[in-house]
Amino acid sequence: MKCNLQKKTESNSKYYVIKKQIIKHYIYNGDSTIPSLANELKLSVPTVTKVIDEMVTDGYINNYGKIETSTGRQPYAYGLNSDSGYFIGVEVKRNGITIGVINFKGDMIELKKNIPYKSENSIEALNELCKQICSFIKKLTIEKEKIINININIPGRVNSELGYSFSQFNFEERPLAEILTEKIGYKVTIDNDTRAMTFGEYLQGCINKEKDIIFVNISWGLGIGLILNGKLYYGKSGFSGEFGHVAAYDSGILCHCGKKGCIETEASGSALHRIVLERTLKGESSILSDRIDADKPLTLDSIISAVNNEDMLCIEVIEEIGQKLGKQIAGLINIFNPELVVIGGSLSQTGDYIIQPIKTAVRKYSLNLVNRDTVITLSKLKDKAGVVGACMLARSKMFENE
């Protein structure tokens, strides 16, 4: 299903590239006047005026009236019409999915968190994912024909440009994005989950004009997203950010990637879960001990909750993980010299219990001259970073310049 905007954007109109540039500018910079827009895009004022007039007529741009100025004629401000299109973001997590919808201006208008779902690499799981997305869309009260794109976050290695996933749902030679588009009936793009979280934080989170950022996603696994000079960094094949699979330890613990010694085996949610389980089974005291004794499933969420409820065993383990992770982040700071390091993902919900050991280790192991201008902070979006990023990517991917 294609909305009118897609048809116009994909047409042979000589202005369609300019229209995409204008939309992209408004996405990242907000409302502006025609002279300002022309200057930014390095186009003539008459050309921009003609294209803006067309887009106002088509309903995708609004005229927001004159701007007050101290001298001269008062120019008109133009910006995106929030109701002219909608974008859906889907975050696939270990035990659930979260789906959100934003309007054209990026406001979240519908959000459904933690829909029960078992993430596994099977055709049945893929079909269930599509079923849940279709069910969500069916219940929306917006005009369905105005849904422009759906972006789905996939864990692991994803080539978003070609639409392939190499870690999950890779059953056919065709791109996964193409298969999902057929099954759901709307344009679908895919991207890596950590990169989506990074993008969400960049546009609507704790970023304040910083252009060089490392986002560290400490969830069941471990990954990083990079913003370099204000742009998402993908790498040659879209596989950048596999921080968790850097070989750093001689422990002999086998990682799910099939190799030993990965950072993820010692500093991640799966490591936290394994270590807490091992130590409680050995008889160390914890408020989670009754769960082990009663043969109840020990979840990562329950361990995070125990940390925040001042369980000493869980606090000790999370601080050890923070120290190990901080040592590795120090290496990233030495390499990239970023303005900002954002700690996100499930384990970031433990707040100071994990970020303080990270900061201590970074100061110890990174070069003072390099780290002194780097701020380390917690994610502002927290558990919404992934779905916000998915929605924002669904929108931005439709208007990147060709």
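Considering (1) in contact with a Leu (Cβ under 7 Å, 6 or more places away or on another chain); (2) modelled with pLDDT of 95 or more; (3) more than 30 Å from I354 (Cβ to Cβ), the lone condition that F169 does not fulfil carries the number (2).
Of the residues G230, G200, G221, the single one that is surrounded by fewer than 24 Cβ atoms within 10 Å (Cβ to Cβ) and out of contact with any strand residue (DSSP E or B) (no Cβ under 7 Å at 6 or more places or on another chain) is G230. Taken residue by residue, the range 327-336 has no member that is open to solvent by 40 Å² or more (accessible area, probe 1.4 Å) and either acidic (D, E) or not in a helix (DSSP H, G or I) (or both).
If you filter the range 355-385 down to residues that are of a type in the set (K, R) and within 28 Å of I99 (Cα to Cα), you find that the one that is farthest from the chain's Cα centre (by Cα) is K380.
Within the range 105-126, being open to solvent by 70 Å² or more (accessible area, probe 1.4 Å) and not aliphatic (A, V, I, L, M) holds for K105, D107, E110, K112, K113, N114, P116, K118, E120, N121, E124. The residue pairs whose first member lies in the range 246-262 and is within 13 Å of L222 (Cβ to Cβ) and open to solvent by 100 Å² or more (accessible area, probe 1.4 Å), whose second member is outside any loop (DSSP other than H, G, I, E, B) and of a type in the set (D, E, K, R), and whose beta carbons are closer than 9 Å, counting only pairs six or more residues apart or on different chains, are H256/E264. A single member of I147, I102 is within 16 Å of G200 (Cα to Cα) and buried (at least 18 other Cβ atoms within 10 Å of the Cβ), and it is I102. If you go through the range 353-395 and pick out every residue that is of a type in the set (G, A, S) and surrounded by fewer than 21 Cβ atoms within 10 Å (Cβ to Cβ), you end up with 1. Across the range 23-37, the qualifying residues are those that are touching a Gly at 6+ places or on another chain (Cβ under 8 Å) and part of a helix (DSSP H, G or I), and the one among them that is nearest to D53 (Cα to Cα) is Y26. Of all residues in the range 281-307, those that are under 19 Å from I321 (Cβ atoms), polar (S, T, N, Q) and open to solvent by 50 Å² or more (accessible area, probe 1.4 Å) total 2.
A search for C-beta distances below 9 Å between a residue of the range 74-85 that is within 13 Å of I34 (Cβ to Cβ) and any residue that is charged (D, E, K, R) and assigned to a strand (DSSP E or B), counting only pairs 6+ apart in sequence or on different chains, returns Q74/K66; P75/K66; Y76/K66; A77/K66. Check the range 90-98 and report whether any residue there is without any contact (Cβ under 8 Å) to a residue 24 or more places away in the chain and either within 30 Å of G269 (Cβ to Cβ) or in a loop (DSSP other than H, G, I, E, B) (or both). Checking the range 90-98: at least one residue is without any contact (Cβ under 8 Å) to a residue 24 or more places away in the chain and either within 30 Å of G269 (Cβ to Cβ) or in a loop (DSSP other than H, G, I, E, B) (or both).
Annotation note: of G389, G344, the sole residue that is within 30 Å of L41 (Cα to Cα) and small (G, A, S) is G389. Across the range 38-80, the number of residues qualifying as of a type outside the set (A, V, I, L, M), surrounded by 16 or more Cβ atoms within 10 Å (Cβ to Cβ) and in a strand (DSSP E or B) comes to 3.
Looking for something modelled with pLDDT of 80 or more, within 30 Å of K183 (Cα to Cα) and open to solvent by 50 Å² or more (accessible area, probe 1.4 Å) - is there at least one such residue anywhere in the range 17-27? Yes, the range 17-27 contains a residue that is modelled with pLDDT of 80 or more, within 30 Å of K183 (Cα to Cα) and open to solvent by 50 Å² or more (accessible area, probe 1.4 Å). Take the conditions (1) on the phi < 0 side of the Ramachandran plot; (2) open to solvent by 40 Å² or more (accessible area, probe 1.4 Å); (3) basic (K, R); R195 misses just one of them, which is (2).
Condition first: of a type in the set (V, I, T) and either surrounded by 23 or more Cβ atoms within 10 Å (Cβ to Cβ) or at pLDDT below 95 (or both). Now tell me which residues in the range 264-280 satisfy that. T265, V276, T280, listed by residue number.
In the range 217-229, the residues that are within 26 Å of T299 (Cα to Cα) form Cβ pairs under 9 Å with partners that are among the hydrophobic types (A, V, I, L, M, F, W, C) and open to solvent by 30 Å² or more (accessible area, probe 1.4 Å), at six or more places apart or across chains, as follows: G225/L232.
The values are calculated or read from the model by the stated rules, or taken from the named source; none is laboratory data. Since the model is a prediction, treat every value here as computed from it, not as a measurement. Cβ: placed from backbone, ideal geometry, glycine included. Neighbour counts: every protein chain shown. Accessible surface areas use protein heavy atoms only, side chains included; no ligands, DNA or RNA. Shrake-Rupley method; radii C 1.70, N 1.55, O 1.52, S 1.80 Å.
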